[in-house]
Each structure stands twice: as structure tokens, then as C-alpha cells.
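The values are calculated or read from the model by the stated rules, or taken from the named source; none is laboratory data. Worth saying up front: this structure is predicted, and the values here are computed from it rather than measured. Methodologically, a virtual Cβ is constructed for each residue, glycine included, from the backbone with ideal geometry; neighbour enumeration extends over all protein chains shown.
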Amino acid sequence: MILAGTAAFGRSSACVLRDGALPAIACEEWFSQRKDDPAIPEQALAWCCTAAGARLQDLDWLVFAEKPVQRFIRILGHLARGFPCTLPDFVRALPIWLGDRLWLKTTLAARLRLPPERLLFVERPVAQAATALFSSPCRSAAILVVDATSEWATTTLAEARTDGGRTRLSMLAEVQYPHALWFVQEALLHHLQLPEAGGVRWLAALGAHGDERLRQQLEVLVPHLADGAHALDLRHFRLRHGRARFSRRGHAIVGAPPDRRHGLLDGSNAPRPADLVRSAQRLLVDRILAAAEALRRRTNARQLCLGGAVLQDPWLAGEVLARAPFDEVHLAPLQDEAGCAHGAAAYVAHVVLGQPRGDFALLAPPPPPLPAAAAGEVELRHAGRATRVAAAAAALAAGEVIAWVESAPEPTLRPIGRSVLLADPCAAAAIARLQRVKLSEPFVPPMLLADQGFCSLWTDARRRAAALGGLASVTVPDALRARLGNVVAPDGTVLLAAARGPLAELLHAVAARNGGPPLLAMSSYNRAGEPPVVHAAQAIDLLRRSGATLLCWGDTLVSSASRLAAAGT
Amino acid sequence: MTISIGGLRRLVGGALWRNPRRRVQRLLSFARTEAGGAADIAAAAADADSPELRQHLQRHAADERRHAALLRGRAQQLFDVGNTAPTSAGADLLPSSGIPADAELSLTDHGFLPSARRRELGELRYVAMLYLAECQAKADFELHVLHTAGRDEATAAVFRSILRDEEYHIAYTRALLRGWEQQGRAREVRAALREMRRARRHAALLRCLGPINRTSGRIVLAVVYATLFLPFGLLGRLGRHGRGWLAVRRAGDDALAALEPPA
């Protein structure tokens, strides 16, 4: 049985679920080359089908992770409640909704050339809960989803029970729009003038430079309610065009927006943006933990599965993982539209149809072969695994930045080693070069790639699975902190990801050459604000622009002729 | 006294470049167009069959990216000096270099045809489109140099640098078209140029009508809001958002309930 899951209007994604396994998941931005493309993921779906060895017509069902009518009713409710101040929203939203979003089934059927009866719709919170459950090893668990807004629910308590191989998913209670913790993150991003694309990770990096001195001051933004619930004090927010901003009253709490002519770490801004972010993160952690406690009381479950877009902040996720009142806590590896796409398909397959579930793994085919003509000024050579690893290790040990592309880009917001830039974390010059290549804000450090055994030493059992996938930040041991000063945040944390396959070999080869720990600094192979590299021509073009000296593209090495000759290819 | 369209453009363009706030916005909008063009042309390069065309397109894409960086850099300088904060989408462009998610590549970015149509156009018509677009871009940048020279030399220098690249873009597209003409495809080339000119006029018309269409649509919706939506609005104001944990009430989903595994 082949099911496809899709989610759109955010970072649109699609996946294919074949007999319980997830052979492919992709984001539309890979193909359209528009960052965070919100369009219906037609190209991503076609790619997933090909990667899964199927055609679009072979799909038994296509499941969309949103119910457009419910969302439209929610928007109309918002417009009515805000009358007459919602006139600009009304004028902007109605043409979009009456244009094609309300008739999504017809649009999807026409554009994907699928019979309408094969199209199904699942609410976003259900999809988020399903991806949190089915990407974890849990069979029965409590599920907490803290998500962005879609239909009504923003924070959802759910419970999954598996009896006789059949999983039942019960949605227990929800906090509804507009009381969304996501709005605090969104308003903060806007307040700090940070881009929304990947912005939550930027918040985490900025928060590492601050402390929680404003925590009490921010309490009024999200008052705590009985039984672990929360509500936004809407007087402090302005909801415009579906996005949250701080109102004038909100600015009295968080201060004026920082002057972006100075960096965000510049001391001239008051309150310090970093303090504001860390205090807001602490506030959100407290509210999420209160919700988790309420969920534990309702379910008496031992295991907790966490999901939702708010947990894309790795510091916040790490804190919740460490302190949630459950014996075992699992964090969904896919938390945005990619997670919704997976969850929607998994819900129909395993909950509705009772199909057996497989082990969750993010698989991807290798990158397409590199045509010789694509190289241009640089040369390319096919090379065995040992040669590739040796050439890359030599370059890294010499303090250079290299690109390593093993397969299609990551569907996650953070890289997990599929398509990355690498540098020696102990070499300050190499890290500075990596940061220049990325063109990212100076306070965003690269991630750290380590082999599983090594990074298991750093992390407690709770955070381990999430930390190894780069989803939660971990504290670096004191002994290594000075050595890794170039990539460690001021609060002593890093984002870790576990290396697998040839990358693990590369780690040890570099460590053997320079006598350092088996660690590499890593960042996704694209520039900040640009979509990921998919085509060979893009990869080579970015190699030229970035100043990286070597590109390992599948089983091909791309570099200058002299370097390739030296590598013995 | 007669006023030509070119004269009108010079007059309006001059006024636009005089305003420092608009100057930053325009530079950012140009940067976005160039970045969009770069992505479009890089994708075309990846698809190109002929190695010669691929090389030209790769260089062209690199030029467009460089232009985007130059324009963004100049906008940043003006922004820093005058603190003339750009509004709306422009503000997002300062820290990043990608195409914003809501950018309409089809009309505002490179050329005048949707980039998704590249494959169905074929190489000849795509190059014809590029040729005409570059000729227009050259004329536009010459006008911008005229407006900024003497008033804002640094911006004029950026435009002059871009103009030099536009010469190359025109030259290579023209050479490719001439090559095809000499290979006996003169009629095809002429037809492609005619078709692309028509498409350009059509796109220009749409651009002109777009704001009229949008404005009239907004007026109609505002009237609907103030009349038909009014009672719902008044009722809605009486209601309150539910707070705290609310029970999950979902109507039975017939489509999912009736689902059976395929035979």
C-alpha cells in the first residue's frame, strides 16, 4: 500500500509511505529554489514517488495535513471578533481563500491528476501527534503537540494506545487559537527583525548570549491558567494577516525594537535582545512543562512524545526533554510541514487502516550523477570511499572548508549530515571561513558533528536521541570547552548531530591527522536565506562562490586539478 | 507639446531616485529581481542540452547573483547612512539573499514569462526571451545611471558595473540566435522573437491592469465587509475566545471512517 502525505502553506513538503516505511520525504523549496516555498508540493511529491519506485497514479491515497474548511471558519471567526479593525485582513484573506484554498480538494485533484476519492484530509494537530508517535519507538504514550496555528488547536494533549497491533489515537484536550505559544516566538522574530526562515534556530543561538533576568517581566504575556493551561494576553499582541506582532502595550513590556544598524549582540540596545530571547524561552519552557504535567495527570502514561513547530528551538526542546515529568521522552525529528506530511500519511496508514508500522528512518537516494560538463573551471573525478575520505580529511586537517553531499538535502531545518559544509572545529580560521561562507548572523555558531559513541558521553539518556539528530542543544564538557571555543555558545552548549557511514570514517581520519577529538563543525550546504542545493550545477556554483576547496558529491570529488592529483584520484 | 513614454519614465524615475527611502526600496526590489533571475537561469543551465549554452547560462546566473549582492550591499549602505528603513518585504531582504517565499517570479522577476514554462519553451525561445529581457534591462539601467549620476555616484557606479554585464548578456544571446539563423532556423528565430515581444507586451498590460484590478477588488470587499459582514462582526464582538483546555469536538469524518485498505 502506498500513501503520500503533503502539507503546504508553510515550508511545503511531501512524503511517501510504502508498506509502513518512509522511503522519501522532500520539501518543495528544493525544486522551486524559493526559500520556504508555500506552494502545493507537486514537484516534491513527484520526486518522492520516483524515489519510492512508484508513479503518482500508483498512490492509494494522498493525505493532506489540514482541513481547509475548518481553517477558513477559524479565520472568519477571527475577522468577526476583531470587527471593524480586521478590514485589512478581510480584504487580503478573502481573495486567497475564495480563490483556491477553500477548494483545495478540487485544486489538488486537478493539479496532481488524481481522482478526488483518493484525496483525504487530516487536521494538522492530528498529523503532528501522529508524526510524534510514529517517529518514536513508543507503542502507547502521552502526546503533547505545541504547534503553529492552522485550524483551531494550538496546544494539544493526546494519548496513543496500541492493543493487538492496532493503534488508537485520542485527542484529549486543546488550547485553541489565538492562545498560541508560537505567537510569542513569531512576535519575537519580528521584534528582532530576524527572518522567519529558520528564525527559531536563530532565536536559540541568540538566547545563548543572554540570561533570564526579564523572565518575571514577560509573565504577563502568557498568563498561566488552571490545570497547566495557558492563554495569551491579547492586549500585548497584534494579530495581522495571520501573524503575531507585539502591540504598543506589548512593546512596553519587551522594549522598543533593537536598532539593527548595530548587531543584536551590541550593548547599545536595551533591554538586551539576548536577555529578552532567553527569558521568553524560559517562559515557554515553563508553560510547556505545565502542559506536560497536566497530560501526565490525565493519562498516567510513562512515555511522552513531543511534537510541533514551537519545539524547533533546540534549547527549548532540550530543556523540555530534560525536565518533562515522564520516564521516557521522545521528540519528533520532523516538526514543521515535513512532520505534518509524514504524520498525515502515518495516521491514515496505522491508525485508520491499522497497517503495521515499520522502523522510522529518514532515507534518501544518493545525489544525481555529476555530468562532466557541469564542472567548468574545476575538475571532477570518480573516487572510491577511502580516497574520498582521505582527500576530505587532508583538506580539513589543513584548515580548509569542504562540502560533503551524500544524498538529497535534509527535510529537517537543521542538517543531519546529508548535504553539509564541514570544517575543523578547533581551527579558528576555518570556522571564520565557514561563517563567511554561510553569511549568517555572527551569533549563530555551526553545529557539531560527532560519532555516536563520543557524543553519547556528553548527553543524558533523555536528550540523547534528540541530541544526536541535532534537535536539542547539549552542554559541552568543561575539558573540551576551551578547545572548541569557536563553535560553543556562551552558555556552553552546542547543537550535536551524529555522524553515520562515511562521515563517521571522515571524523576519525581527521582526528588521526591532527590529533584532536573526533568532531567536525558542520553547516548545511547553502547560504543563509538560500534554499538547499539540489542540482549538480548548483553545487558546483556554490563551491565556486563559497571558497570551499573540495566538494564530495556522492562518489565524485570536485576540486582543482592539482588537488585532485594530490589526492591520488 | 508632446510627451513621449520615454520622457514620462525619465520624469517619474528621476523623482523616485530623489527620495532616499524609495531609493533603498528600489535597490532592494532590483536585488530581488536579480536574485530571482539568477535562480531561474541557474535552473535553466542545469537543464540545458548544449554545453555552450550551459556555460553561458552559468556565467549569466553568476552575474545576476553578483548584481543582487551589489544592489543589496548598496541598499545596506544607504540604509546604514540614512536610517531610511525600507518597508514591507524589503526589510526581510537585508539579512538574506534568497528569493522571498511570496515572490512572483513570473512577472516581477526575470523576463516576462513564468520560469516554470522554461522547459516547454525550448532553448531557442528561452534564449529569445533572455535576449529581449536583457535589451530592456540595458535600457532601464542606462536610465537609472542617468538619474543617479551626479546625485548618488556610488549607486550610479553599481549600475554602470551591471550595465557592462548586460552588454555581455545581450552579446551572447544575440550570437546564439544568429548561430541558429545561420543553421537555417531563421524563420524559427524570427517567430520566437515575435512571440516573445507579444508575451512582453501582454505581461506589461497585465502589470498595468494588476493594480487597477486589485484596487477595485479591495473596494468591493471593503463594501462587503461594511455591509454583509457587519452583522456577523457585531455578533462576533460579543463572543469571547475559549481559554484553557477545551474538549476536542470533531464531527465524524465520513471519508476516513469509510476507508478500507485497497484489495
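The set of residues in segment A:215-227 that are under 16 Å from A:T155 (Cα atoms) and assigned to a helix (DSSP H, G or I) comprises A:A226, A:D227. When segment B:58-83 is limited to residues that are within 11 Å of chain A (Cβ to nearest Cβ) and among the charged types (D, E, K, R), the one that is farthest from the chain's Cα centre (by Cα) turns out to be B:D80.
Only one of A:R513, A:R527 is out of contact with any His (no Cβ under 6 Å at 6 or more places or on another chain), of a type in the set (D, E, K, R) and in a helix (DSSP H, G or I); which?
From the options A:R513, A:R527, the qualifying one is A:R513.
Okay, residues lined up against (1) touching a residue at least 12 places away in the same chain (Cβ under 8 Å); (2) in the same structural domain as A:F9 (by TED's automatic domain parsing); (3) part of a strand (DSSP E or B):
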{"position": "A:L120", "(1), (2), (3)": "yes, yes, yes"}
{"position": "A:P125", "(1), (2), (3)": "yes, yes, no"}
{"position": "A:Q128", "(1), (2), (3)": "yes, yes, no"}
{"position": "A:T131", "(1), (2), (3)": "yes, yes, no"}
{"position": "A:A142", "(1), (2), (3)": "yes, no, yes"}
{"position": "A:T149", "(1), (2), (3)": "yes, no, no"}
{"position": "A:T155", "(1), (2), (3)": "yes, no, yes"}
{"position": "A:A158", "(1), (2), (3)": "yes, no, yes"}
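Please find, among A:A301, A:A252, A:A294, the residue that is within 14 Å of chain B (Cβ to nearest Cβ) and either touching a His at 6+ places or on another chain (Cβ under 9 Å) or at pLDDT 90 or above (or both). It is A:A294. Being at pLDDT below 90, closer than 23 Å to A:Q335 by Cα and within 12 Å of chain B (Cβ to nearest Cβ), is that true of even one residue in segment A:200-214? Taking every residue of segment A:200-214 in turn, at least one turns out to be at pLDDT below 90, closer than 23 Å to A:Q335 by Cα and within 12 Å of chain B (Cβ to nearest Cβ).
Within segment A:72-90, the residues that satisfy the criterion of being in contact (Cβ under 8 Å) with a residue 24 or more places away in the chain and either more than 27 Å from the chain's Cα centre (by Cα) or closer than 30 Å to A:A408 by Cβ (or both) are A:H78, A:G82, A:P88, A:D89. Just one of (1) modelled with pLDDT of 90 or more; (2) surrounded by fewer than 11 Cβ atoms within 10 Å (Cβ to Cβ) trips up B:T155, so point out which. Among (1) modelled with pLDDT of 90 or more; (2) surrounded by fewer than 11 Cβ atoms within 10 Å (Cβ to Cβ), B:T155 violates only (2).
Just one of the listed residues (A:P223, A:P271, A:P258) is in the same structural domain as A:F183 (by TED's automatic domain parsing) and closer than 25 Å to A:V320 by Cα, and it is A:P223. For segment B:226-241, the condition of being modelled with pLDDT of 90 or more, surrounded by 15 or more Cβ atoms within 10 Å (Cβ to Cβ) and not in a loop (DSSP other than H, G, I, E, B) holds for none of the residues. The condition (being touching a Ser or Thr at 6+ places or on another chain (Cβ under 7 Å), in contact (Cβ under 8 Å) with a residue 12 or more places away in the chain, within 12 Å of chain B (Cβ to nearest Cβ) and not polar (S, T, N, Q)) is satisfied by just one residue among A:D37, A:D60, A:D19: A:D37. Within segment A:228-283, the set of residues being more than 18 Å from A:Q176 (Cβ to Cβ), of a type in the set (A, V, I, L, M, F, W, C) and in a helix (DSSP H, G or I) comprises A:A252, A:I253, A:V254, A:A274, A:L276, A:V277, A:A280, A:L283. Scanning segment A:79-96 for residues that are crowded, with 19+ Cβ neighbours inside 10 Å and either part of a helix (DSSP H, G or I) or on the phi > 0 side of the Ramachandran plot (or both) turns up A:L79, A:A80, A:R81, A:F90, A:A93, A:L94.
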